[in-house]
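Accompanying notes for the structure given below.
The values are calculated or read from the model by the stated rules, or taken from the named source; none is laboratory data. Predicted model, so just to flag it, every value in this text is computed and none were measured. Heads up, the Cβs are rebuilt from the backbone with ideal geometry, glycines too, and the neighbour counts pull from every protein chain shown.
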Amino acid sequence: MGELALLQGNALAFLFRWIHLLAGVAWIGLLWYFNFVQGEYFKDADAAAKSDVIRKLVPRALWWFRWGAMFTFISGVALLGAKHLIGYGIIVGAVLGTLMFLNVWLIIWPNQKTVIASAEKAAAGGDPDPAAAGALAKAGLASRTNTLFSIPMLFFMASSVHLAQLGIPVTQAGILSLAVVFGIIALLEVNALIGKTGPMTSVMGVIHMGLVLTLVLYLGVDLL
């Protein structure tokens, strides 16, 4: 009976992992599409083309985007519980992923709804919503922050299997290490709420910052 229960538990954990990977590919793939492709296209597109994309393409992409985030988060929580994962690396990845999920549902999606509604109103002959520009800026900053977070998030998620030195229980981590790692993440999330894009304005800027953040967090976990 004990062996059967173990096999069933492993099968369930694998199911959660599979769903996590499927949903995560959809979510992060669309996140990078928005930031690396669509955003760059908008810089060159004329007003009519941008309006058409916002009204017809963006809502469809955002549907897959936000529900990909939802199922990634739910399956991730289930996987952590099923496998009792508390390694430092996986917890850092989980914290980053959770903040990204919250940014999608609490910042990006609500503000994008305002942008889409404004474009629909303007296309019908009405006046654009004055709040749309501010909403677009808020959604853009949160999206850029999610792109920044996605690079170390994927690194630390993979570390749970491939980097044994990051597999120590988070409960055994030093206070300084915890303060540095999660303090940096917290400051970047605060910036996502009330700050500016800064170097993240450009595609290469956010990629470079993501790589630097990955290194800083890794050193914070591994050396402190």
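Run down VAL190, VAL181 and say which single residue is of a type in the set (A, V, I, L, M) and in contact with a Gly (Cβ under 8 Å, 6 or more places away or on another chain). Walk me through it before giving the result.
Details: VAL190 fails: in contact with a Gly (Cβ under 8 Å, 6 or more places away or on another chain).
On inspection, the qualifying residue turns out to be VAL181.
The helices (runs of 4 or more DSSP H) falling completely within segment 128-224 that include 2 or more residues that are surrounded by 14 or more Cβ atoms within 10 Å (Cβ to Cβ) and of a type in the set (Lys, Arg) map to 132-162. On the stretch given as segment 117-170, residues that are within 16 Å of VAL92 (Cβ to Cβ) and among the hydrophobic types (A, V, I, L, M, F, W, C) total 15.
Mind listing just one residue for me: the one in segment 109-133 that is touching a residue at least 40 places away in the same chain (Cβ under 8 Å) and of a type in the set (Val, Ile, Thr) and, of those, farthest from PHE182 (Cα to Cα)? Steps first, answer last, please.
First, the residues of segment 109-133 that are touching a residue at least 40 places away in the same chain (Cβ under 8 Å): 109, 112, 115-116, 119-120, 122-123.
After this cut, where a residue has to be of a type in the set (Val, Ile, Thr) as well, the list is 115-116.
On the way: VAL115: 32, ILE116: 35 Å.
Once the filter is applied, the top-ranked residue is ILE116.
Is it the case, given these coordinates, that PHE65 is closer than 30 Å to VAL161 by Cα, touching a helix residue (DSSP H, G or I) at 6+ places or on another chain (Cβ under 7 Å) and surrounded by fewer than 19 Cβ atoms within 10 Å (Cβ to Cβ)? Judged against the criteria, PHE65 is not a match. Contact map, segment 194-213: first residue among the hydroxyl-bearing types (Ser, Thr, Tyr), second residue surrounded by 15 or more Cβ atoms within 10 Å (Cβ to Cβ) and in a helix (DSSP H, G or I), Cβ cut-off under 8 Å, separation 6 or more or different chains; pairs are THR197/GLY140; THR197/LEU141; THR197/ARG144; THR201/ARG144. For SER51, the conditions (1) more than 30 Å from ALA131 (Cβ to Cβ); (2) touching a residue at least 40 places away in the same chain (Cβ under 8 Å) are fulfilled apart from (1).
How many residues does segment 136-147 hold that are among the hydrophobic types (A, V, I, L, M, F, W, C) and more than 11 Å from ASN103 (Cβ to Cβ)? Spell out the reasoning first.
So in segment 136-147, the residues among the hydrophobic types (A, V, I, L, M, F, W, C) come out as 136-137, 139, 141-142.
Now drop any that are not more than 11 Å from ASN103 (Cβ to Cβ), which leaves 136-137.
Qualifying residue count for the region: 2.
The test for being under 19 Å from ALA139 (Cα atoms), at pLDDT below 95 and among the charged types (D, E, K, R) holds for LYS43. When you look at LEU106, is it more than 12 Å from the chain's Cα centre (by Cα), under 24 Å from GLY134 (Cα atoms) and in a helix (DSSP H, G or I), yes or no? It is true that LEU106 is more than 12 Å from the chain's Cα centre (by Cα), under 24 Å from GLY134 (Cα atoms) and in a helix (DSSP H, G or I).
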